[in-house]
Amino acid sequence: PPRSTLFPYTTLFRSTKAQLFCVSNTGTANAIKLTENIFRDVNIALMNEFAVLYELLGIDIKEVIAGCSTKYNFQPHFPGPGVGGPCLPANPYYIIKDAEKVNYIPFLIRVAREINDRMPDHVKDLVVEALNFDEICVKGQKIAVLGLSYKADVRDVQISPSVKVAQRLAAMNATLQVFDPYYKGESVGSLSVMATLEEALTDAVAVVVLTDHKEFKSLDFSKAEKLMNRLVIIDSRNIYDPKKLPKGARYCGVGRPLQII
């Protein structure tokens, strides 16, 4: 609409002291929102692509990102179990659909979506590989799953990759002991969330960190080790320093090869 018709809305936004950037039409405004979200989705996909490759090459992607960040124009993005929430997983498909109308194929955007959509399966595979190292089959084993929200410190499971990883492990007949501080004692779909972190860790053969809630960042693994059957850590958010883990622990992350501490 003409800018004159936007007057009531700009007045409202200015009353909140928000910084306004006016554009010529609603199509451009929508394109801005989609572009900023797809920019993140594509860059996260690039880091996820590197992460899977670097695992095979025996390179720690967290160290790589730290080194790259010393360059002034590098913008760090981080690998993980996938991309969730109401925006990033959905917005690329709006652009893809519009592109079809003008006979254009946005190859990079499509492939980035495919990469990020595959990451829950990759994290599931990391769990299988970490347990296989000690000749343990996933089926029937108690596995502590930490976090269901799609990102840290929120109560939100919209299109959550954390939920997808848990569902894949459940489909392999693992006995999941799920804990998320935002869903204590509740059910999220077919997943039952335990009341305490300690309950989730008890007798588990592995702990799979799927959401980087602050409660998990400060997890005391010396205490966790006493509760668990063995200390195998699959850190899909790369929030732990392996050097600070108890001796004998097994550790891997997305883009961080399996280590015996």
Looking at the structure I just gave you, is Arg155 in a loop (DSSP other than H, G, I, E, B) and open to solvent by 20 Å² or more (accessible area, probe 1.4 Å)? yes
Right, Asp212: of a type in the set (Asp, Glu), touching a His at 6+ places or on another chain (Cβ under 7 Å) and at pLDDT 95 or above or not? no
Any residue at all in the range 28-49 that is polar (S, T, N, Q) and outside any helix (DSSP H, G or I)? no
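Answer yes if at least one residue in the range 135-150 is closer than 26 Å to Ala174 by Cα, part of a strand (DSSP E or B), basic (Lys, Arg) and in contact (Cβ under 8 Å) with a residue 40 or more places away in the chain, and no otherwise.
At the first step, the residues of the range 135-150 found to be closer than 26 Å to Ala174 by Cα are 135-150.
If we keep only those that are part of a strand (DSSP E or B) too, we end up with 142-146.
From what is left, the residues that are basic (Lys, Arg) are 142.
From what is left, the residues that are in contact (Cβ under 8 Å) with a residue 40 or more places away in the chain are 142.
Yes.
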Looking at the structure I just gave you, is Gly147 of a type outside the set (Ser, Thr, Tyr), on the phi > 0 side of the Ramachandran plot and touching an Asp or Glu at 6+ places or on another chain (Cβ under 6 Å)? yes
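Identify, please: which residue in the range 87-129 is in a helix (DSSP H, G or I) and hydroxyl-bearing (Ser, Thr, Tyr) and is, among those, nearest to Ala170 (Cα to Cα)?
Pass one, the range 87-129, residues in a helix (DSSP H, G or I): 91-101, 107-129.
Pick out the ones that are also hydroxyl-bearing (Ser, Thr, Tyr) and you get 93-94.
Details: Tyr93: 29, Tyr94: 32 Å.
The selected residue is Tyr93.
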Restricting to the range 217-260, name every residue that is under 21 Å from the mean Cα position of the chain (by Cα) and loosely packed, with under 15 Cβ neighbours inside 10 Å. Lys217, Ser218, Asp241
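From the set of residues in the range 158-196 that are assigned to a helix (DSSP H, G or I) and open to solvent by 10 Å² or more (accessible area, probe 1.4 Å), which is nearest to Ala45 (Cα to Cα)? Spell out the reasoning first.
Within the range 158-196, the first condition is being assigned to a helix (DSSP H, G or I), and the residues that meet it are 161-171.
Adding the requirement that they be open to solvent by 10 Å² or more (accessible area, probe 1.4 Å) leaves 163-164, 167-168, 170-171.
Values: Val163: 19, Lys164: 17, Gln167: 22, Arg168: 21, Ala170: 26, Ala171: 25 Å.
Only one residue tops the list, namely Lys164.
The values are calculated or read from the model by the stated rules, or taken from the named source; none is laboratory data. All values derive from a computational prediction rather than experimental measurement. When we count neighbours, we look across all protein chains shown, and the Cβ atoms used for this are built from the backbone with ideal geometry, even at glycine. Remember, those area values only see protein heavy atoms, side chains included, never the ligands or the DNA or RNA. Shrake-Rupley method; radii C 1.70, N 1.55, O 1.52, S 1.80 Å.
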